[in-house]
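A.B. asks: Quick one: the structure is below, questions incoming.
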Amino acid sequence: MARLLVVVPSDTDPPARLGRWLRDAGLELDERHADAGDPVPGTLDGYDGLVVLGGPQSALDDEATSPELVGARALLRQALDADLPTLAICLGAQLLAQVGGGAVRPGVEGPEVGALLVAKRDRADDDPLFAPLPISPDVIQFHHDEISELPDGAVLLASSPVYAHQAFRVGRCVYGVQFHIETTPEVVDEWAERDTVGVAASPWDEPTIKRLIRAAHPDVEEAWRPFAVRFADLVRSRAAQAA
């Protein structure tokens, strides 16, 4: 069975539905919850793919502020070097951008929060994961920082009206998405209660954000569960090559 390493920088953003979709697609998941003290492997030896999730930390944090991000950065660098099937989500995508030569900064338009849409770019039509998605798939947004520069050689796959760099690919198999596809309504309810600054910057109050995001979850699953299956196909393909 193909093995996927899942790095969870914060238990506030667990693999949730994404983890279930990937297991249902036939992958063995090794979850490492970094802020809970799980050791993060020093190498990707023995793994056929990598997922790095989000959290309230900032990609701009130094080692003293967020030591749990050090291992994630090192693994993302290795994944880039090996062109290993990788999916980096929100904070994970920002870390990927940084280690790949891009840049992250506090979002110049403020936090992006809510059940929103992103729009595929032209290059997505040639991408094996993104091509089958709707033109404007539903996503969950909950971030304060932005990817201001993409990694070297990255292909832009999706944008939003607020922040251009919503999804990208480096090489053939390494993907970053600024938005969330993995959540449950309960996970995002907690974010809305915790992130008073982000909620205040949105057009909606906390109860409305919760209601809209809860209502959007079936549409997110309709678009992104098949995407997760296609990512699992990449991981299984890598495992078959290594066998």
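The values are calculated or read from the model by the stated rules, or taken from the named source; none is laboratory data. What you see is a predicted model; the values in this text were computed from it and never measured. Remember, those area values only see protein heavy atoms, side chains included, never the ligands or the DNA or RNA. Shrake-Rupley method; radii C 1.70, N 1.55, O 1.52, S 1.80 Å.
A.B. asks: By accessible area of protein heavy atoms, probe 1.4 Å, what ranking do D145, D127, D24 get, highest first?
C.D. replies: Details: D145 25, D127 0, D24 100 Å².
The residues order as D24, D145, D127, largest area first.
A.B. asks: Okay, next question. Taking springs between alpha-carbon atoms closer than 10 angstrom, which of V70, V220, V104 fluctuates most in the Gaussian network model of the chain?
C.D. replies: V70
A.B. asks: Going out from 0 in 10 Å bins, what whole percent of all Cα-Cα distances in the range 94-231 drops into each bin?
C.D. replies: Percent of Cα pairs in each bin: 12, 42, 36, 10, 0.
A.B. asks: Over the chain, with the other protein chains present, what is the accessible area per residue in square angstrom, probe 1.4 angstrom? Please report the intermediate quantities before stating the final value.
C.D. replies: Values: 9790 Å² over 243 residues.
On a per-residue basis, 40 Å².
A.B. asks: Please state the equivalent ellipsoid semi-axes for the chain: what are the square roots of 5 times the Cα gyration tensor eigenvalues, largest first, in whole Å? Display every interim value, and only then the final one.
C.D. replies: Values: eigenvalues 125, 79, 65 Å².
Rounded to whole Å, the semi-axes are 25, 20, 18.
A.B. asks: Tell me which DSSP H helices of the chain clear both cut-offs, 15 Å or more of axial length from alpha-carbon atoms and a mean Kyte-Doolittle hydropathy of at least -0.5. Don't skip to the end; give the middle numbers.
C.D. replies: On the way: long enough: 68-82 (23 Å, 0.45); 206-242 (49 Å, -0.35).
Helix filter hits for the chain: 68-82, 206-242.
A.B. asks: Looking at the P(r) of the range 1-115, how many percent of alpha-carbon pairs lie beyond 23 Å?
C.D. replies: That fraction is 26 percent.
A.B. asks: Counting only DSSP beta bridges with both residues in the chain, what percent are antiparallel, rounded to the nearest 5?
C.D. replies: Details: 20 of 37 bridges.
Counting only bridges with both partners in the chain, antiparallel ones make up about 55 percent.
A.B. asks: Quick one: compute the contact order of the chain, relative version, from alpha carbon pairs under 8 angstrom and 6+ residues apart, as a percent.
C.D. replies: Values: 502 pairs, mean separation 55.3, N = 243.
Over the chain, the number comes to 23 percent.
A.B. asks: Sum -39500 (n - 2.57) across every DSSP H segment of at least 4 residues in the chain, then divide by the residue count to get the 222 nm mean residue ellipticity, nearest 500.
C.D. replies: Working: 6 runs with 86 residues, N = 243.
Rounded to the nearest 500, it is -11500 deg cm²/dmol.
A.B. asks: How high is the relative contact order of the range 55-190, given as a whole-number percent (alpha carbon pairs under 8 Å, six or more residues apart)? Walk me through the intermediate numbers first.
C.D. replies: Values: 249 pairs, mean separation 38.5, N = 136.
Relative contact order comes out at 28 percent.
A.B. asks: How large a share of the accessible area of the range 80-122, in percent, is made up of carbon and sulfur atoms when the probe is 1.4 Å and the other protein chains stay in place? Let's see the in-between values first.
C.D. replies: Details: 680 of 1440 Å².
Heavy-atom surface of the range 80-122 belonging to carbon and sulfur, 1.4 Å probe: 47 percent.
A.B. asks: Go through I140, I135 and list them by solvent-accessible area, largest first, probe radius 1.4 Å. It would help to have the intermediate numbers written out before the result.
C.D. replies: On the way: I140 0, I135 130 Å².
Output order, biggest surface exposure first: I135, I140.
A.B. asks: Let me ask another. Any chance you could check the Cα centroid distance between the range 1-15 and the range 147-197 for me, in angstrom?
C.D. replies: Distance between centres, Cα-based: 16 Å.
A.B. asks: Which whole-number percent of Cα pairs in the range 46-90 have a distance greater than 11 Å? Before the final figure, lay out the partial values.
C.D. replies: On the way: 671 of 990 pairs.
Tail fraction, whole percent: 68.
A.B. asks: How do T43, T183, T12, T65 rank by accessible surface area computed with a 1.4 Å probe, from largest to smallest? Each step should come with its number before you reach the end.
C.D. replies: Details: T43 65, T183 0, T12 25, T65 90 Å².
Sorted descending by solvent-accessible area, the residues read T65, T43, T12, T183.
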